[in-house]
Every structure is written in C-alpha cells, then in structure tokens.
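Working notes for the structure below.
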Amino acid sequence: MSVPDGVDLSTGNDGLGVIAFRGADTARYLQGQLSADIETLANGASTLAGLHNPQGRVVAMLALVRSAAEEIFAVLPRELTGAVTARLRKYVLRARVTIEDVSAVQRVIGVRHEVATSAWPEISWGERRLLLVPCEAGNPAPADSVALAQWENADVAAGLPQVYAATSEQFVAQMLNLDLLGAIAFDKGCYTGQEVIARAHYRGRVKRRMQRWHNASGTMLEPGDAARGADGRALVVVRTAQAGGGRQEVLAVGTFGAAESGETGAADTAVRLSGPLSLPYSLPE
C-alpha cells in the first residue's frame, strides 16, 4: 500500500516516542538487555529488537538506530517510554550510559524509502523509513488522520507488530515473529529472557504465531482483545488499522499450520475474523 510522504507518527493515542541512550558503554549495555546484536550495529544502521522479561515475554519492541559511536535512539509507543526508561535505568549500575525519554523534543516522521535522505537519524521500517526530527526543526508533517490510517494499514500489510501497554509481557518473542524480522540474534551472549527464547527456537516448534486478518464485523477491536478466526481458532489482537466502512485490518496471534485443528469449532460471542491473509514473509512449517 502506498503511503504519503512525511507522516507524523508522534501524534494520536498510539503516537511513537523516543528514548536516547548515550555514553561510552551504550552498545555494550544494550547488548545485555535486548535481543538483537547491538554491538555490531554500525553507525547509521538500524534494527528491531525486543526487551523481554525473564519468561521471554516481550515488554516492548524497539526500533533502534545507532546515530553515533556512543549514541543510540529507540522508537516505541509513547505510552511505554516512561516505563521502559525506568526499567532499563535499574540495571545501569556502573555502566557509562545515560537513558533519557526525549519524546518531548523528538518527533518520529514516516517516509517512503525513495524520499531523499536527510541529516537526521533514520530507521529502516519495512519498505519505508522512520526519521527522528528535532522539534526545533519544525514539524514537516501536519497531523493527518487519513495519512496515519494509510501508514498503519501498510504496517499491518507488512506484518510489523507493535507492543502497547495492554499487551506488554503477554507474548513470547516468536509469537510476534520477531525472529523472522531480524529482531533476535541467536548467536549472541545472554540477555534477559534469552534462555526461554533460545529454547523455543532450538528445541520446540512455536505453535502460536502472529498472522494477518480482516475484521468486517463492525465491532472495532483493540490490542489485547480476544477474537476468533472464521474456523474457530482463538486469537489475541496485536495491532489494528482502520480500513474504512467499519472494517479493520488486524494482526493477531493464534495457532497456525498443523496446530490449527485443536481450536476449531468453538462457539462463543467473540468477533470472527476472516483469514489468515498473506504476509510478505513466510512462517516456519
């Protein structure tokens, strides 16, 4: 789906915020906290990463860019920036790193890949990019509900999850397909939740995965809501996008593949979704 240039993603109830990590030990510190390989991240490079609890459940999904040797920015929903900042500060100890919620002075602007690059830090976001623009530089992207809906629909079509306050610590990393999106490095050292995530990867098949669905019921769903597939399988909503006419595009976690048959035929009042629909990446067999 095409998206307009310069979508301000910092606005609205689901607006994005920014956390800044600065100091000589920034990369080494984050290496022990997040699931991606941060220490090998080159200046100007970006990656997705998960912050997990000891049970391997995702506290927050971060989109990271290494803007300088001793500076990394993380983008995540603004409703989580305060809690994530406080959580990560608890483990700094003697590491030479500062952690600051800079959402009040940084805006997150979504652009297409073909838009000319700028001097601002940028994060690869599927076939698009996120620019981190200082508020003092002005707001090049006026708030636009239609543009936001187009961006969110493109996110859902791309199979890009998000974690909100309602779903924080609800899903194990692989349920959100973080392993398929390059957000987990299985050859790096320890980080919080690593043992559970690695066990699911090496020893057991993940039976629940995020897939794409369509909601034409007229009942609007929110992250964390329960739903059903047309075949009766139980689903938990990860994120939604308005599709007009009381319809939604939905990413939701449920059983898939050979595991589907165990949850069919349930009769209840949960909203029924059509699908699953295609994603631009393949789920493991």
- Note on the structure: Relative contact order in percent for the chain (Cα pairs under 8 Å, 6+ apart) equals 21
- Query: For the peptides 89-97, 182-190, what is the packing order when you average, over each peptide's residues, the other Cβ atoms within 10 Å and list the highest mean first?
  - Reply: 182-190, 89-97
- Out of Met220, Met61, Met210, a Gaussian network model of the chain with alpha-carbon springs under 10 Å gives the largest mean-square fluctuation to Met220
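What are the equivalent ellipsoid semi-axes of the range 7-157, built from the alpha-carbon gyration tensor (square roots of five times its eigenvalues), in whole angstrom, biggest first? Please report the intermediate quantities before stating the final value.
On the way: eigenvalues 126, 55, 44 Å².
The answer is 25, 17, 15 Å, longest axis first.
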- Query: Is the shape of the range 51-127 rounded, prolate or oblate, going by the alpha carbon gyration tensor and its root eigenvalues a ≥ b ≥ c, with a/c under 1.5 for rounded and a/b larger than b/c for prolate?
  - Reply: prolate
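Using the Cα centre as the reference, give the magnitude of the dipole from point charges on the C-beta atoms of the chain (Lys, Arg: +1; Asp, Glu: -1; all else neutral), rounded to the nearest 20 debye. If you can, show how the numbers build up before the last one.
Numbers: 27 positive and 30 negative charges, 150 e Å.
For the chain, the charge dipole is close to 720 debye.
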- Under Karplus coefficients 6.51, -1.76 and 1.60, residue-wise ³J(HN,Hα) of the range 15-28 in Hz, glycine/proline x: x, 8, x, 9, 10, 10, 10, 9, x, 4, 9, 4, 5, 5
- How big is D, in µm² s⁻¹, for the chain by Stokes-Einstein at 20 °C and 1.002 mPa s if Rh is the Kirkwood radius over C-alpha pairs? 110
- Message: Please compute the modelled spin-label separation between Glu136 and Ser124, points set 7 Å along Cα→Cβ, answer in nm with one decimal.
- Response: 3.1
- Sort out for me the Cα centre separation of the range 125-203 from the range 89-114, rounded to whole Å. 15
- Across the range 57-74, in residue order, what do the Karplus-derived ³J(HN,Hα) couplings come to in whole Hz, using 6.51 cos²θ - 1.76 cosθ + 1.60 with θ = phi - 60° and x for Gly and Pro? 8, 7, 6, 7, 9, 10, 9, 10, 9, 8, 7, 7, 4, 10, 9, 9, 9, 10
- Message: Under the rule of at least 5 residues apart or a separate chain, name every residue whose amide H is placed under 5 Å from the amide H of Val271.
- Response: Arg228
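No value in this document is a laboratory result; all are computed from the given coordinates. What you see is a predicted model; the values in this text were computed from it and never measured. So basically every Cβ, Gly included, is an ideal-geometry build from the backbone, and we count neighbours across all protein chains shown.
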